[in-house]
Ligand SMILES: Nc1ncnc2c1ncn2[C@@H]1O[C@H](COP(=O)(O)OP(=O)(O)OP(=O)(O)O)[C@@H](O)[C@H]1O
Ligand SMILES: [Mg+2]
């Protein structure tokens, strides 16, 4: 039998049951699509989320008031938790390895300038803010001194605020009302865009001490400490803990390192990867069972035909190959469909999130298709063997 | 030349032995026209299946054209079947999803005959059997007589020396049945050995040699004058 005729014969049956074959192949297709999608965006997704998180630099630890227990969730405030003060932040400045310390509060306030008003996020920060977070100031600069008792009324504008309130003019030196108080504009930030849901461009930055007063807060939300890159983060955490315990008399604060945050993130991504992979695996298994079922049915339905083929002089092996070929073709076509779906969805995601790199390695596509063929082979063996070993006389009587 | 010596065929059903054929001795010469008649269950189909190497005797020796074929393995038997035997069945046994032409072509495909040769041979047979305008029809678009003609074309396309027909007219009305029988007889005229199993005495009487079976034995074996 020629290969072309073999293909024609083996495909003739599933082509005559299009719907049934399509649904059978779909099981395989979904599995392959999941696997391909995963390999196409897996690395890209990782890089995308990591860069989103680490764009402020990785050698930063954050200190927050209150003790969070290791197993997540704030354990609640028991006893008296002291808030983090500007003096706490100041005390960290002279620790070894520490490069920048930034006290931080955040809130909303109304801005007024040039007769226009705008409600935006107000960040109360320290003078090292831009340096600590490797953010760029487009013009001007952050205030240089930091007298906590009498912080000066300086403001640095986000690029969008500048555009909205000072369109077409140089805002440096101008005055701006923040929550009713007069501030002098000393700098404008470079555009940064959305970062994890916060629009940093639609914000203003003022000294933390003033922000606390403005927002009526008695403590800081967070203190960020950046340290020399060559130093082990645990050493920094140890020093900071020691110093703050000294000041507070107890450990009523939580230190989070970027590394820890990235680790958590990494494990979340691993869970997602595992879940999609498992989905793909289960789908492939279901697909294999589907092919086994459909081929077992096909052999039963076509018992008389099998007898006929034998009467016409077909060898056992030819019957075996015909049914095996049918199973493999079903599965292989399902695999091709899966490749198309997987690559299509991956490209679609890339189109939606251009920052996310998408790449389907050739090798994986070929590997996925090979596994589809292998699944067809494995699922087809049993029914095909049953067909081949049928007694031709009894098979012919089946009609 | 078909030679059965002391051939028996037993089936085991549960713990019971069914003797479908008992010690058959039979010789059919090349080109003979033989009908086999007998009551239901007397072993006619079993005999035909043994002749066509679809089944193996439980005991005894079967020689086809002088060669002992009982000792052949599956693959060799398939080859003999392919090259020397054609089957025609009561229920046609056409592959429903293939066209008439494809059904006729099937044995050639299995035998690995090249596509161009297959095409000419199928076309020729379609012509011979008045099926030229039905080549691309599927079996369910054909009448019973047309289906049986397709089946006969398929059985003869490998130019076998023996044509075995198990009640070939059983599913056809009288007129169509006669037409089909004429077709088979025409093939016998050209030299093929024709064995027809039938319940119809009138049809059976047309054969030169008439064999009657009963209970797994040959009851009578008569030549018409
Ligand atoms: N595969 C089998 N298993 C068990 N018994 C069988 C088998 N095939 C045939 N037989 C028995 O062998 C005997 C002969 O069967 P066979 O089919 O040859 O009869 P037949 O003469 O062709 O009958 P009919 O005219 O009804 O077709 C019957 O008793 C049948 O029950
Ligand atoms: Mg019978």
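On the stretch given as segment A:297-318, residues that are away from every other protein chain (no Cβ under 14 Å) and either in contact with a strand residue (DSSP E or B) (Cβ under 9 Å, 6 or more places away or on another chain) or surrounded by fewer than 16 Cβ atoms within 10 Å (Cβ to Cβ) (or both) total 2.
Filtering B:195, B:162 for residues that are under 19 Å from residue A:312 (Cβ atoms) and within 15 Å of ligand 2 (Cβ to nearest atom) leaves a single hit, B:195.
Identify all residues within segment B:20-42 that are in contact with a strand residue (DSSP E or B) (Cβ under 8 Å, 6 or more places away or on another chain) and within 16 Å of ligand 2 (Cβ to nearest atom); write none if there are none. Write out each step before concluding.
Kept after step one, since they are in contact with a strand residue (DSSP E or B) (Cβ under 8 Å, 6 or more places away or on another chain), are these residues of segment B:20-42: B:20-39, B:42.
Hits for segment B:20-42 are B:20, B:21, B:24, B:34, B:35, B:36, B:37, B:38, B:39, B:42.
Listed by first and then second residue, the pairs linking a residue in segment A:11-25 that is assigned by TED's automatic domain parsing to the domain that holds residue A:330 to a residue that is at pLDDT below 90 and surrounded by fewer than 16 Cβ atoms within 10 Å (Cβ to Cβ), with Cβ atoms under 8 Å apart and 6 or more places separating them unless they lie on different chains, are A:21/A:15.
Report the residue count in segment A:11-37 for those that are in a helix (DSSP H, G or I) and surrounded by fewer than 20 Cβ atoms within 10 Å (Cβ to Cβ).
Of segment A:11-37, the ones in a helix (DSSP H, G or I) are A:11-16, A:18-37.
If we keep only those that are surrounded by fewer than 20 Cβ atoms within 10 Å (Cβ to Cβ) too, we end up with A:11-12, A:15-16, A:18-20, A:22-23, A:26.
Counting residues in segment A:11-37 that are in a helix (DSSP H, G or I) and surrounded by fewer than 20 Cβ atoms within 10 Å (Cβ to Cβ) gives 10.
Residue under question is residue B:138, and the condition is that it be under 21 Å from the mean Cα position of the chain (by Cα), surrounded by fewer than 22 Cβ atoms within 10 Å (Cβ to Cβ) and farther than 16 Å from residue A:1 by Cα; does it hold? So that I can check it myself, show each step before the final result.
Details: under 21 Å from the mean Cα position of the chain (by Cα): no; surrounded by fewer than 22 Cβ atoms within 10 Å (Cβ to Cβ): yes; farther than 16 Å from residue A:1 by Cα: yes.
It is false that residue B:138 is under 21 Å from the mean Cα position of the chain (by Cα), surrounded by fewer than 22 Cβ atoms within 10 Å (Cβ to Cβ) and farther than 16 Å from residue A:1 by Cα.
Applying the criterion of at least 2 residues that are surrounded by 21 or more Cβ atoms within 10 Å (Cβ to Cβ) to the strands (runs of 3 or more DSSP E) found wholly in segment A:108-172 leaves A:116-125, A:154-157. Taken over segment A:292-318, the criterion of being under 29 Å from residue B:80 (Cβ atoms), touching a residue at least 40 places away in the same chain (Cβ under 8 Å) and assigned to a helix (DSSP H, G or I) is satisfied by A:298, A:299, A:303, A:304, A:306, A:307, A:308, A:310, A:311, A:316, A:317, A:318. Restricting segment B:20-48 to residues that are in a strand (DSSP E or B) and near ligand 1 (Cβ under 8 Å from one of its atoms) leaves a set whose member that is nearest to residue B:68 (Cα to Cα) is B:21.
Can you tell which of B:149, B:121 is crowded, with 20+ Cβ neighbours inside 10 Å, out of contact with any helix residue (DSSP H, G or I) (no Cβ under 6 Å at 6 or more places or on another chain) and away from chain A (no Cβ under 14 Å)?
Working: B:121 fails: crowded, with 20+ Cβ neighbours inside 10 Å.
Within the list B:149, B:121, the selection yields B:149.
Taken across segment B:87-104, residues that are touching a strand residue (DSSP E or B) at 6+ places or on another chain (Cβ under 6 Å) and at the interface with chain A (Cβ under 8 Å from one of its Cβ atoms) do occur, with at least one present.
With respect to the conditions (1) within 12 Å of ligand 1 (Cβ to nearest atom); (2) touching a residue at least 12 places away in the same chain (Cβ under 8 Å); (3) outside any loop (DSSP other than H, G, I, E, B), residue B:54 lacks only one, and its number is (3). Candidates in segment B:43-58 are the residues that are more than 9 Å from ligand 2 (Cβ to nearest atom) and more than 10 Å from the chain's Cα centre (by Cα); of these, the one that is nearest to residue A:308 (Cα to Cα) is B:54.
The values are calculated or read from the model by the stated rules, or taken from the named source; none is laboratory data. Not measured: the values here are computed from a predicted model. In this analysis, Cβ positions are derived from the backbone assuming ideal geometry, glycine residues included, and neighbour counts consider all displayed protein chains.
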